[in-house]
Every structure is written in C-alpha cells, then in structure tokens.
Amino acid sequence: MRRLTTNAATKAVTSQRSFNAHLDYKRMRARVVEMTENMRNRNLKGAETAPTTVADLYDRRNALDHSASNLRKDRNLLSSEMARLAKQKDTALLAEMKGKALALKSEISAHEAEITSLDAQLFEEARHLPNDTCPTVPIGPEDKAEVLDIVGTQPAAQEGLAPDQFKSHVDLCTLHSIADFTRASKVSGSGFYFLKNFGALMELALSRYAIDTCIQEHGFTPICPPDVIRHEVLEACGFSPRANVQDPQTYFLSTHLDADHLKAGYDPLRLCLAATAEFPLAAMHAGEVFKPSELPVKYVGLGRAFRAEGLAGGVNRGLYRVHQFSKVEMFGIVAGGEGGLERSLNMMEEFKDIQKSLFEGLEICFRILNMPTEELGAPAYKKYDMEAWMPGRNSWGEISSTSNCTDYQSRRLNIRNFSSGGQTQASKSTDNTGSHSKNLDYVHTVNGTAAAIPRLIIALVETHQKANGDIHIPERLRPYILGGRVDTIKAGESFGEMMARLKK
C-alpha cells in the first residue's frame with residue numbers, strides 16, 4: 001500500500017487535523033429526504049434540520065466556487081491583455097488594467113476565504129450525520145431488537161436452583177478472592193477493581209483463548225495497539241461531539257496543567273485514552289491505499305478500554321460497568337466500491353460466527369440480537385449484540401457486539417483501495433466535495449468484540465457456580481489456566497493452598 005498527499009482544499013478545512021477526510025457531500029445533497037428519515041428512525045436530534053443544513057452549505061460552497069472560477073478566468077484574460085498592452089507601451093491603458101487586476105485579486109481572495117470558511121462549516125455539520133441503515137435493521141428502541149438465536153440453556157434449568165439461590169459475581173468474587181473493589185476504590189476511585197488470583201488468571205486465559213482462536217482458526221493477524229490516541233481518531237471512528245462541547249465519556253491526557261492550553265478550546269490532536277482497540281486499529285492505515293491483493297485484512301487486537309462515564313445503581317455494580325477493562329477486538333477491512341457492501345456484510349457474518357463459537361466454548365447461555373435503529377452508533381450500518389444470561393443478576397447482559405461501518409470510518413480516515421484492475425497511477429482529486437481519485441474506492445470496515453473480559457468473568461462465574469460455592473472451569477479454557485491442571489475453583493480453598501496442592 002502507499003500513502004497519498006493531501007490536496008490544498010482539504011488542508012484548508014483540516015489544518016488542525018492530521019487526517020484528510022473525504023465526506024461524500026454530493027451524495028448527502030442528493031439524499032436529504034432519506035437522511036432525514038434515517039435520523040428520525042435513529043431518534044437523533046436535528047433530524048429535521050441537519051441534512052438540510054448540509055445541503056444548503058454544499059450549494060453555497062459550490063456557487064461561490066463557480067463564481068471564483070469565473071473571476072479567475074477574467075483575471076487570466078486581463079493578464080493576457082496587460083501583456084499585450086505592455087508590448088505596445090500603452091502606459092495609460094495599462095495603468096487602468098492594473099487597477100482592475102488588483103480589484104479582481106481582492107475579490108478572488110475574498111471568495112477563497114469564504115470558501116475555506118464554508119468548507120470548515122460543511123465538514124463540521126456533515127461529520128455528525130450517521131451512516132445509512134441496512135434495510136434488515138428493526139426500527140425503534142432497544143425492545144424492538146430481533147432475537148436471531150438463543151444458544152444453550154439457562155443454568156437454573158440445569159441445576160434445579162431457584163433464581164434467588166444463585167450468588168452474584170460480586171459475592172463469588174469475594175468468596176474466592178477473585179476481585180477486590182474496596183481497595184481499588186482507595187487507589188483509583190469508584191468503578192475500578194483489582195483482579196486477583198483466579199481473577200487475574202481468567203483475564204489472561206480469556207484473552208489468549210480469544211486471540212488464539214482468531215489467529216489459529218480464522219487467519220487473523222495479532223496486534224497490540226496503543227491505548228493512547230488523538231481525539232480526532234475517536235471522532236473519525238464515529239464518536240463526534242461538537243467542537244467546544246464537553247465529552248463526558250472520554251479520559252483526556254495532559255502532560256501538565258497549562259491554563260492557557262485548557263482555555264484554548266477544542267483541539268483534535270489532544271491525546272485521550274481509547275474506549276476500544278477498534279479506534280487505534282482503524283486509524284493504523286489512515287491516509288493509505290491498499291492493493292487488491294492486500295485485502296481483506298483481519299486484525300485481532302488486545303487493548304485496555306477506558307470509559308469515563310459510568311452509571312450508578314445495583315445493576316451496574318461490581319465488574320458489570322467499569323471505567324477500565326481489557327478487551328480483545330476483531331477489526332476487518334475489505335475492498336469498497338462495486339461489491340463492497342456484500343463483502344463487508346459477509347465479513348460481519350463471519351465475525352458473528354466467530355463470536356458464537358467463542359461463547360459456545362465457554363459453555364454459557366447467550367442470545368444473538370439484530371439491534372434496532374435507536375441502538376446503532378453513528379458509524380454502524382448494521383449491528384449484532386450478544387447477551388449472556390447472568391443468573392446472579394437474573395437478567396441478560398451484553399458481552400459483545402459486531403458492527404458493519406461500511407465506508408463511514410474510511411472516508412474520515414482516508415483509507416482507500418485500488419479497484420480491481422485499477423493499480424495504475426491515480427489522478428488526484430481536485431475538490432473537497434466528496435469525489436475521490438480515479439480507480440480508488442473507500443474501503444469498508446467491520447469491528448467486533450471477541451472478549452470483553454469483565455463481562456465474560458461475570459457470565460462464567462455466575463453460570464458455572466455450584467451449590468457449595470465451587471466454580472467449574474469450562475474445558476476450552478482450562479489449557480490457559482495453570483496448564484490445564486485445574487478444572488474447579490474450590491470454595492474454602494485459598495489460591496496459595498491450591499498452588500501448594502498442585503506442587504505435591
């Protein structure tokens with residue numbers, strides 16, 4: 001693959017950014033009605049005004065650009081006439097022409113400055129519009145989710161226990177010294193935890209189980225991405241708070257408390273902690289072009305996820321909703337252009353099947369949902385969620401999702417591919433209206449969670465608990481825990497006692 005340089009028009013719009021975004025303004029302009037309906041279905045603010053605002057800005061920008069182009073033609077004709085007069089030494093008429101040339105130069109500069117301003121406004125408005133929605137997505141709120149499959153049976157039916165007899169993961173973590181929430185609150189505040197003993201081993205085991213499955217059985221490339229990213233990476237991947245609007249879900253970093261810097265306003269290059277490995281994996285190829293032979297790409301990344309915004313209440317206690325956790329993420333790139341949607345939908349199905357296989361191996365009960373419009377993030381064309389039955393909570397709890405983002409992220413990150421047979425030198429785009437280079441298409445991206453560690457620990461310990469407090473370790477996970485020598489976490493036996501027993 002190779003990197004392409006940015007064009008002048010986009011440099012003006014994104015002078016504070018490192019990515020050269022190419023939003024398809026022309027298509028947005030032609031689909032105002034459809035975009036309005038799409039935003040209504042997603043229950044998004046601005047449905048009645050945002051698409052129209054983008055269309056109006058696009059029309060104003062193009063009209064002004066057309067006018068500037070005509071002025072440049074007039075300037076060129078005037079320059080030719082001035083050259084002719086200079087040869088004839090007609091100083092009086094030449095002086096008059098110079099005055100007109102200066103006036104034209106000033107008018108052109110004013111047009112260009114306004115175009116630059118309109119480009120910035122157009123990008124700021126258009127980047128908040130959501131992706132299209134797949135026709136098979138249910139319309140409405142969360143309760144409209146379509147249940148595609150339920151895998152396994154709820155433990156209550158297996159064990160013959162009443163729902164109120166199952167211990168919560170918080171109680172089980174205390175019983176087996178798997179996690180310590182109290183001491184973590186002294187160190188970091190609420191929403192954090194220490195994983196200890198089998199808790200620490202479970203995190204390592206689940207990570208390796210998911211990664212090894214992706215690598216050995218499905219051809220993924222393993223990646224350990226940075227957890228620190230620029231805020232514009234987060235934006236480009238679909239989380240787009242407006243400029244100068246507080247972002248409550250993100251942890252920002254600062255090497256020192258500089259009051260002037262903090263007062264300077266929004267900075268897209270400001271560093272923050274990634275909420276998912278999806279973000280750095282997506283941005284890894286920003287500004288690059290893939291050859292057909294290099295696609296598809298499938299990465300499996302292990303990273304820490306940081307979520308600043310939390311929810312209070314008993315339902316979110318313990319490991320269920322935390323500010324920091326380990327997560328194994330699948331990320332895929334397929335060729336865009338003709339057939340691109342079919343390719344990305346196929347990869348999405350592949351990711352869903354991998355997730356199903358992983359969770360079946362953990363011997364938990366889970367269901368697969370086709371999520372409705374109001375549950376889709378801005379970049380998602382379609383999304384599947386998987387929810388495990390958590391008997392200690394007596395409810396379903398999300399353990400993974402997979403989303404097809406089509407070209408939503410790639411346009412913002414400027415990731416393209418040569419179309420089939422189009423590996424010739426591409427001609428560069430000459431405007432900022434969403435068009436792109438000849439023989440180049442924007443790739444499609446797909447992401448999916450292979451293992452969100454805390455949620456899986458909840459599902460595992462609550463599902464596999466016994467009446468005496470023991471916790472069964474699923475067979476597929478055992479090779480990753482002390483070399484397969486432990487099949488049960490025994491109640492009443494400390495980690496040290498267990499290790500001493502194994503050494504005998």
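The values are calculated or read from the model by the stated rules, or taken from the named source; none is laboratory data. Keep in mind the model is a prediction, meaning the values are calculated, not measured. With ideal geometry, Cβ positions are generated from the backbone for all residues, glycine too; neighbour counts draw on all protein chains shown. Side chains are part of the model used for accessible areas, which takes the heavy atoms of the whole protein and leaves out ligands, DNA and RNA. Shrake-Rupley method; radii C 1.70, N 1.55, O 1.52, S 1.80 Å.
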Considering only region 356-405, give the strands (runs of 3 or more DSSP E) lying wholly within it that have at least 2 residues that are of a type in the set (A, V, I, L, M).
-> 366-370, 382-390
Among the candidates Arg27, Arg60, single out the residue that is open to solvent by 70 Å² or more (accessible area, probe 1.4 Å) and either among the hydroxyl-bearing types (Ser, Thr, Tyr) or under 28 Å from Ile108 (Cβ atoms) (or both).
-> Arg60
Is it the case that some residue within region 127-135 is open to solvent by 60 Å² or more (accessible area, probe 1.4 Å) and out of contact with any Cys (no Cβ under 6 Å at 6 or more places or on another chain)?
-> yes
Working carefully through the options Leu71, Leu94, Leu104, Leu118, find the one that is at pLDDT below 80 and assigned by the TED database to the domain that holds Met35.
-> Leu94
Select from region 373-394 the residues that are touching a strand residue (DSSP E or B) at 6+ places or on another chain (Cβ under 8 Å), within 23 Å of Gly140 (Cβ to Cβ) and of a type outside the set (D, E, K, R) and list them in ascending order.
-> Leu376, Gly377, Pro379, Ala380, Tyr381, Tyr384, Met386
Residue in region 266-303 that is least open to solvent (accessible area, probe 1.4 Å), counting only those that are in contact with a Ser or Thr (Cβ under 7 Å, 6 or more places away or on another chain) and assigned to a helix (DSSP H, G or I) | Ala282
Report, by residue number, each residue of region 161-174 that is aliphatic (A, V, I, L, M) and either touching a strand residue (DSSP E or B) at 6+ places or on another chain (Cβ under 8 Å) or surrounded by 17 or more Cβ atoms within 10 Å (Cβ to Cβ) (or both).
-> Val170, Leu172
What pairs can you find where one residue is in region 274-299 and assigned by the TED database to the domain that holds Lys327, the other is of a type in the set (Lys, Arg) and open to solvent by less than 20 Å² (accessible area, probe 1.4 Å), and their Cβ atoms are less than 7 Å apart, with a gap of 6+ or different chains?
-> Thr276/Lys327; Ala277/Lys327; Val289/Arg416
Give the residues of region 236-265 that are charged (D, E, K, R) and either assigned to a loop (DSSP other than H, G, I, E, B) or modelled with pLDDT of 90 or more (or both), sorted by residue number.
-> Arg242, Asp247, Asp258
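Residues are listed down the side, and each one gets a yes or a no for (1) within 30 Å of Arg307 (Cα to Cα); (2) at pLDDT 95 or above; (3) over 24 Å from the mean Cα position of the chain (by Cα):
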| position | (1), (2), (3) |
| --- | --- |
| Gly422 | no, no, yes |
| Tyr442 | yes, yes, no |
| Gly469 | no, no, yes |
| Asp487 | no, yes, yes |
Give region 335-348 a look and list any residue that's out of contact with any Lys or Arg (no Cβ under 9 Å at 6 or more places or on another chain) and under 14 Å from Ser401 (Cβ atoms), or say none.
-> none
Near pairs, Cβ below 8 angstrom, 6+ apart or cross-chain, from region 480-503 (in contact (Cβ under 8 Å) with a residue 60 or more places away in the chain) to any residue that is of a type in the set (Asp, Glu) = Ile489/Asp470; Ala491/Asp470
When every residue in region 325-355 that is among the acidic types (Asp, Glu) and not in a strand (DSSP E or B) is compared, the one most open to solvent (accessible area, probe 1.4 Å) is Glu338
Among the numbered conditions (1) open to solvent by less than 40 Å² (accessible area, probe 1.4 Å); (2) more than 28 Å from Asp487 (Cα to Cα); (3) without any contact (Cβ under 8 Å) to a residue 24 or more places away in the chain, tell me where Val187 comes up short.
-> (1)
Assess whether Leu281 counts as being modelled with pLDDT of 95 or more and closer than 16 Å to Arg455 by Cβ.
-> no
Can Arg416 be described as surrounded by fewer than 24 Cβ atoms within 10 Å (Cβ to Cβ), modelled with pLDDT of 95 or more and closer than 25 Å to Phe123 by Cβ?
-> no
Condition test on Ser326, is it small (Gly, Ala, Ser), at pLDDT 95 or above and closer than 23 Å to Tyr193 by Cα?
-> yes
